[in-house]
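Since the structure comes first, as structure tokens, the remarks are kept for the end.
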Amino acid sequence: MKRKASKAASKGPKGKLNDSFDINLKAKQDGASNGTIEEEDGEVLLSAFEIRERQRKQAEKDRPVEEQQDGSPEKRTDSLSPAHKKDKKNKQVSPPAHSPVVENGVIELDKQSPSSKKVNKKNKKNDQANREKQQEVDRENDMSHAAENINPALEANPPLREKSKRQRKKRKLSMPSGDDSNSAHVDQEAPHAVPTKKANIPIVIDEEIILDTRPLKVVPSAKNSHSGKDADRSTKESPLAKKSPTVTTAKDSRDGKKSQSSSKRDSLLKGHLPTGPSGDCFVILSKVDGDPLDFSAFPLSKSDDSTVNGRTALDWILQPFGVDRFFKQVWEKHALVLSRGNAKYHNSLFSTADLSELIRTADLQYGTNINIAKYRDGVRTTLNGQGRVFLKDVKRLIADGCSVQLINPQAFSDRIWYLCELLQEVFGSFVGANTYLTPAGSAGFAPHWDEIDAFLLQLEGRKYWRLYAPENQNDSFPRESSGNFTPEQMANRRPIFEGWLEEGDLMHIPRGYIHVANTDPHHHSLHVTVSVCRRVSYADLLDKLVPDLLDVVADQRVELRRSLPVNALNFAGVADADLRTEKYGTERKAFETSLRSMMNFVTDHVTQLTDAGYDMMAREFFKTALPPKLTHEEQNLSAVGGHGDTLLKGKSPRVERGSHIRFIRRHGQRLMMESEDRSFIVHRMQNSRVYEGKEEQIIDLPVDLADGFAHLNEQYPAWSKVSDLLCATNEAKIQLATILFSAGLILMR
């Protein structure tokens, strides 16, 4: 992965990481635990610590040989870190582990001098003994102090820019995997444990990534340290300690107790910064301030252009990652976890109280609107009743450990409807939702994958998630959901993400990614899953396109209309294929040659019917899509009418030549040309909020009005005067505007 560093990385007050991202980076392990990062333009960002190490290396080269061999700390204390200055009695003090060495234009981070190897060999024995004594202590304190030493040299000394000798030369940074001895030791069977491995942590400042390739170091707390003095020194030497994201201890995670603040993380959220093929997971930890949205004020509809409002809605979901960055770096490539540290972020979207009110007042039906399920001992059981769902029954089932799935909340919640409808303008597909209420200490579903791309918003409580990438390309982008995987089937799979999702957090789960989750043993969980892009793949397009394509090509090519060989029964077929080929090889070869030639005829005509094929896909979208959630202004200016209108009050709107009109949504309607003599409009403006709850909405449109429709569509979101529509006569212009207004497709003023 190429990443260009910029001066923005060093902006801001020295020694601070304001609103920074902390991305947990784990290099891909391919034989050796080394990853490779390539820098553009021959520029590499180095911390001041690393620059001093280079200067020391250069100084050693410039000194006489005797001095270079001496290596005494007195002669080079200016280039050593404070930790290496304190012991002046040692005549062979090695440089810090993983300090960079430039060799043949490549920065080697694991090189050690011969003298340092002797010291390190002795230190390793001592370290092993200390680690065995402190193993239990480390279990409880690894994560609570991990952030204190992410990169103290970077915090105290802003990174400097170094130019390479050759411009445009790619530099390789070798990333050491670190010593596994400092990894948190957590029982993998415990559903609420937070297993974590030491990782290389990239620090993001002003959204520019600077890689700290030194391994994460865990510093024991004062109460568990051998020496209070050591604890004090470790705090002083870690200027990031007060500014880095706070994390809970591993013990807190095992107990399932919530931290004092939802912004405190249970772990650095095990994941990867993608550097290669899809399957990795972006994990972003960043404080996002702000109060919950007031959905009654239509906060996402500030533009006249519905596609802009749709991007605003998606941007709200993805904060602080951003829409453009998401589609460029994540979409159909990687999973994404956003830990925002703001429990209020989703508060106004949906709640357990809202679900309770819907069950109490709406006619929710088992199987159609509500699913009740329990997952225990690796088996998922559906426990739906019959008919309408009643609150008392659901309360009893929840107390028994069952989860409650609201299948189509957009049909009952105006806020979820509003959000999903806007997102349809971005993705060009039906956007639906599900809500999942899971009691404490439970799991609502078995491991599985879905055939949709999901945005999971944690509303209440928290859940511990495991996410698994497809094992091969055959499992990527499935067109159907999977069945439930058993524990035996999941035993040898390695998750790409494993960690807690807190209130206000988000997870993006691509199609085909297996996922499973457990709740906190002391608190319930409520999340909403927004699903997009179901059955809108190239395969689905060809599925609609190929039958018509064959009809067209067969009409044009006589070869396709000829009969198959009369003896085809002898040489074609799956059974005994080898024997058939051996006996009828010549006939078989001629048959295959003819078939390939005819397939070429078909593929040569694909582009001629591409538009017609996509029109069929569009019709499917308009048939299933949600209708728009109109703002108050849109209601007042449309055929729907404002809240103050009554049957006996006010005048009925009338289309005139001086009226100004525009479509309500950019993707609310579409003109279809069935033939040269017939055109019609397919739209979603009066659809049901229930999936396929109505027949397809179609309006016949005279062919001579088609140019006027196309002109109005091209002008969107600008207003157009009726007299300016591209129709032959004024009567035709008024006729077109009247048809569109009466069907609820346009605004008029």
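Bear in mind that the values in this text are calculations on the coordinates, not laboratory data. Since the structure is predicted, the reported quantities are computational estimates derived from the model, not experimental observations. So basically every Cβ, Gly included, is an ideal-geometry build from the backbone, and we count neighbours across all protein chains shown.
Before moving on, here are some points about what is shown:
- Taken over the C-alpha atoms, the stretch 676-716 has Rg and Dmax values of 12.8, 35 angstrom.
- Put simply, the amide H of residue 523, placed in the peptide plane, has neighbours under 5 Å in 441, leaving out anything fewer than 5 places away on its chain.
- Along the stretch 697-703 the Karplus relation, 6.51 cos²θ - 1.76 cosθ + 1.60 evaluated at θ = phi - 60°, assigns HN-Hα couplings of 8, 10, 10, 5, 10, x, 4 Hz to successive residues, with x for each Gly and Pro.
- Label zone at residue 688 (point 7 Å along Cα-to-Cβ), backbone N below 15 Å, the stretch 403-422: 408-412
- Listed by Cβ neighbour count within 10 Å, with the fewest neighbours leading, 402, 533, 281 appear as 533, 402, 281.
- Cross-link pairs exceeding 32 Å in C-alpha to C-alpha distance, out of 344/623; 287/392; 694/733; 302/395, comprise 344/623; 287/392; 302/395.
- R0 of 22 Å, Cβ-Cβ distance residue 728-residue 660: FRET efficiency to nearest 0.05: 0.60
- Global size of the stretch 283-387: 18.4, 52 Å for Rg and Dmax (C-alpha atoms, Rg to one decimal, Dmax whole).
- Each residue of the stretch 302-319 was assigned a 3J(HN,Hα) from its phi angle through the Karplus expression (A = 6.51, B = -1.76, C = 1.60, θ = phi - 60°), giving 8, 10, 6, 8, 5, 5, 5, 5, x, 5, 4, 5, 5, 5, 4, 5, 9, 4 Hz with x at Gly and Pro.
- FRET efficiency for residue 598 and residue 568, using Cβ-Cβ distance with R0 set to 22 Å, rounded to 0.05: 0.95
- Karplus 3J(HN,Hα) series, Hz, for the stretch 594-611 with 6.51 cos²θ - 1.76 cosθ + 1.60 (x for Gly, Pro): 5, 5, 5, 4, 6, 5, 5, 4, 5, 5, 5, 9, 4, 5, 5, 10, 4, 5
- For 287, 57, order by how many other beta-carbon atoms lie within 10 Å, fewest first: 287, 57
- Built amide H within the under 5 Å cut-off of residue 433, gap 5+: 410, 531
- In the stretch 539-610, Rg over Rh equals 1.07, where Rg is the alpha-carbon radius of gyration and Rh the Kirkwood radius from pairwise Cα distances.
- Summed residue charge, Cβ within 15 Å of residue 375's Cβ, Lys/Arg positive, Asp/Glu negative: +3
- Residues of the stretch 476-490 with amide N under 11 Å of the 7 Å Cα→Cβ point at residue 540: 479-480
- The GluC sites (Glu not before Pro) of the stretch 319-428 that meet both conditions, a loop assignment by DSSP and at most 12 other Cβ atoms within 10 Å of the site Cβ, are 332.
- Distances between placed amide hydrogens fall under 5 Å for residue 497 paired with 467, all partners being 5 or more residues away or on another chain.
- Positive-pole candidate from 553, 608, 569, dipole of the stretch 539-610, charges at beta carbon: 569
- Highest to lowest packing among 309-316, 557-564, 511-518, scored as the average C-beta count within 10 Å: 511-518, 309-316, 557-564
- C-alpha center-to-center spacing [the stretch 678-700, the stretch 297-316] in angstrom: 24
- Cα radius of gyration and Dmax for the stretch 345-532 (Å): 16.1, 47
- Short-range pairs are left out: with C-alpha atoms under 8 Å and at least six residues apart, the relative contact order of the stretch 626-748 is 36 percent.
- Three principal axis extents of the stretch 626-748 based on alpha-carbon atoms, in descending order, are 42, 37, 26 Å.
- Among 426-435, 485-494, sorting by the average number of other beta carbon atoms lying within 10 angstrom of each residue, highest first, gives 426-435, 485-494.
- When 528, 394 are sorted by how many other C-beta atoms sit within 10 angstrom of their C-beta, beginning with the fewest, the order is 394, 528.
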